[in-house]
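See structure below.
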Amino acid sequence: MRDATGLESIPSPSLLFYPERIEANLARMLDIVDGHPERLRPHVKTHKCREILELQLGQGIARAKCATLAEMELALSAGLPDVLLAYQPVGPNIERLLALRARFPDSVLSAVVDDESVLQTIAAAVSSAGQDPLRLLLDLDTGMHRTGIAPCDDALALVAEMVSLPAIEFGGVHAYDGHVHEPGLDERNDAFTESLRTLQDFLDRMVGNGFPEPRVVAGGSPTFALHAQVSASSATPWECSPGTTFLWDAGYGQNFPDLGFEPAAGLLTRVISKPGDRRLCVDLGHKAVSAENPIERRVRFPALPDGRFLSQSEEHLVLESPQAADFSVGDTLIGIPWHICPTVALHDHAHLFRNGSTTGETWKIAARHRRLSGE
């Protein structure tokens, strides 16, 4: 992936987007839900980009899920009429959420909740603001143990309280199964089945206790196709919420080839030094690519399949490769991030790359910031 047309005009390190691949991934997402966009609520967290939201909306996918209020504002400003904050709002973020409702009165804004005291605080804030009831979904823990309430009597009591509060509209159940990420499809399906059983048992208990059949928003990218199968046969409205599927990355590409997505983002870097016959130093440090994984799982260079990473610091990545002699200082490399979501958040914009050439266009990574100008 060296010597591509137009790279000489792009500074490094830089984020690259491949719009044709993004569009192909979007088509694949729709294919997995049998062409039914109403069964999709994709996550904004991966791309944080207005143009990708507009591509989504152009395909009839009118719902989105987000993790920050900046992502919510971006989705609303892009024209999406139904946006879920899949993150329990606390502290000043409750008022920020209600302020967004006031700015976008024709859109449906919703959030998740798993705590009775937070529920009461939100209800009081809605009443004080004189707003219509706010849609809230119960955040249910089906095995990840990160957020959410366990599927027990307390969860049923929380649903009952949500239904009883005049300032709250009960919107259903949110269940993120991020703990299900086995590379093998059989093992992943087994873990998914266990998580799904936890969710389904709770839904059955809800209905058995007189609650209406709830909307379900569930899953991430590894379990997307499995949830899509459930959504196709369920009488319950079942929305799938993948996010990484828009851009994909080297990690998911290695672990989940069965899903059929392709990397649609890259990182442009340059050789800045050759500290030895078999070594290259490139300008791709912690500040340009996500560094939460071990060093060997941060970026993959297709042009250096035998490369071995030796060290990384804020602005440098040193690697060893038998192909090092083929490179000169100043040469370019394109890498595929191992984890695209936090990598995108390190960049202000992405340079577009179409048909083997850069275009001179950029797309802003607007929601990498915690606040947008209008909020």
Requested in this report: Go over the candidates L284, L268, L304 one by one and state the one that is more than 19 Å from the chain's Cα centre (by Cα), assigned to a strand (DSSP E or B) and either within 30 Å of P19 (Cβ to Cβ) or not polar (S, T, N, Q) (or both).
Outcome: L268
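Return yes when F170 is closer than 11 Å to A218 by Cβ and assigned by TED's automatic domain parsing to the domain that holds S221 and no when it is not.
no
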Query raised in the report: Across segment 208-231, which residue is farthest from the chain's Cα centre (by Cα) among those that are modelled with pLDDT under 95 and surrounded by fewer than 15 Cβ atoms within 10 Å (Cβ to Cβ)?
Result: P212
Query raised in the report: If you go through segment 298-314 one residue at a time, do you hit one that is under 24 Å from H43 (Cα atoms), touching a residue at least 12 places away in the same chain (Cβ under 8 Å) and crowded, with 21+ Cβ neighbours inside 10 Å?
Result: yes
Query - segment 2-41, residues that are part of a helix (DSSP H, G or I) and hydrophobic (A, V, I, L, M, F, W, C) - result: L7, I22, A24, L26, A27, M29, L30, I32
Requested in this report: Quick one: which residue in V118, V163, V126 is outside any strand (DSSP E or B), under 18 Å from V207 (Cβ atoms) and over 20 Å from the mean Cα position of the chain (by Cα)?
Outcome: V163
Query raised in the report: What are the pairs, 6+ residues apart or on separate chains, where a residue within segment 337-363 that is in contact (Cβ under 8 Å) with a residue 12 or more places away in the chain has its Cβ under 9 Å from a residue that is in a helix (DSSP H, G or I) and β-branched (V, I, T)?
Result: P337/T343; P337/V344; H339/T244; I340/T244; C341/T244; A350/V344; W363/I52
Report summary line: When S128 is run through (1) polar (S, T, N, Q); (2) surrounded by 22 or more Cβ atoms within 10 Å (Cβ to Cβ); (3) within 30 Å of S77 (Cβ to Cβ), the failure sits at (2)
Report summary line: For L203, the lone unmet condition from (1) crowded, with 20+ Cβ neighbours inside 10 Å; (2) over 26 Å from I22 (Cα atoms); (3) in contact with a strand residue (DSSP E or B) (Cβ under 6 Å, 6 or more places away or on another chain) is (3)
Query raised in the report: within 14 Å of the chain's Cα centre (by Cα), at pLDDT 95 or above, surrounded by fewer than 24 Cβ atoms within 10 Å (Cβ to Cβ) and assigned to a loop (DSSP other than H, G, I, E, B) - does that describe any residue in segment 87-110?
Result: yes
Query raised in the report: Can L30 be described as more than 16 Å from G220 (Cβ to Cβ) and touching a helix residue (DSSP H, G or I) at 6+ places or on another chain (Cβ under 6 Å)?
Result: no
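The values are calculated or read from the model by the stated rules, or taken from the named source; none is laboratory data. Keep in mind it's a predicted model, so treat the numbers as computed, not measured. Every residue, glycine as well, gets a Cβ built from its backbone with ideal geometry; the counts of neighbours run over all protein chains shown.
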